[in-house]
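What follows is a single structure, and I will ask about it in a moment.
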Amino acid sequence: MRALGRRRGYLPGPALYALGRGNPYLYLSSIARPEIERLAACCRELVVLVCECGGKRSELLRMAGATEITIRQPHPHGTFYNLFRCGTGILLLAYMDEPRQRQLWEYWHGEDNILNLNEFNLFQARCREIAAAGMFCSGDEPPPAVSGAQRISIAFPILQSGVPIAALGVLVPRKEFDSAGDSPALAAARQCALNIGNLLEQ
């Protein structure tokens, strides 16, 4: 469970979502799919919906372009990725509390993270900035993290009652970003994440 603070109660945590037939992530995937299909058709690039499971990133939905979609469930023996090595993983880490961040840093060799930070305190400070911004964009990171990259990774949290339960990620061609560092895909991804969160509240 996730504590919401003193006298504010609890919400189910990611581990609980991955257990049993009544997996709430199935519901998340079903309501998110139409929104993700619209976003993928708009961006014509890779769009993913991911969660954290056992300290790693687990994909729930993946859509490449406007036609190909893959649906998965979090599973202890499924395909996982290191949270520190992808934009959606960094976003999920950014919203974790300090003890959990530190535990994963020490266990999963956080010094190899895409933020190119080799001290936990610096990593934690950057995570606070990402959480405050409410998004992660690899275009904001210094080289060598994105040097020569042809596509930029964007990630937004999926919120349920104000608590991040998943992350939406999009890969966008670097050439689509203007001089101000903005792109239509960035706005569309932000709106998609908000729409999914609103559907969860209904």
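Please treat every number below as a calculation from the coordinates, not as lab data. Because the structure is a prediction, the values reported are computed rather than measured. FYI the Cβ positions are ideal-geometry reconstructions off the backbone, even for glycines, and counts take in every protein chain you see.
Once the other residues with Cβ under 12 Å from the Cβ of LEU194 are scored (Lys, Arg +1; Asp, Glu -1), what is the net sum?
-1
Ok, one more. Rounded to the nearest 20 Debye, what is the dipole magnitude of the stretch 25-65 about its Cα centre when Lys and Arg each give +1 and Asp and Glu each give -1 at the C-beta?
It comes to approximately 60 debye.
Hey, quick one: spin label on GLU176, modelled 7 Å out along Cα-Cβ, who in the stretch 85-105 has an amide N within reach, i.e. under 20 Å?
86-89, 91
For CYS53, which sequence-distant residues (separation of 5 or more, or a different chain) have an amide H within less than 5 Å of its own amide H, given hydrogens modelled in the peptide plane?
Excluding prolines and chain starts, which carry no amide H, the hits are SER58.
Just to check I understand the Karplus step: with θ = phi - 60° and J = 6.51 cos²θ - 1.76 cosθ + 1.60, what whole-Hz values come out for the stretch 104-111, glycine and proline as x?
5, 4, 6, 7, 9, 6, x, 5
Could I ask something else about it? Using the basic label-point model (7 angstrom from Cα toward the beta carbon), what is the VAL163 to ALA133 distance in nanometres?
That separation, rounded to one decimal, is 2.6 nm.
Follow-up. By the scheme Lys and Arg +1, Asp and Glu -1, what is the net charge of all other residues having a beta-carbon under 13 Å from that of ARG151?
+1
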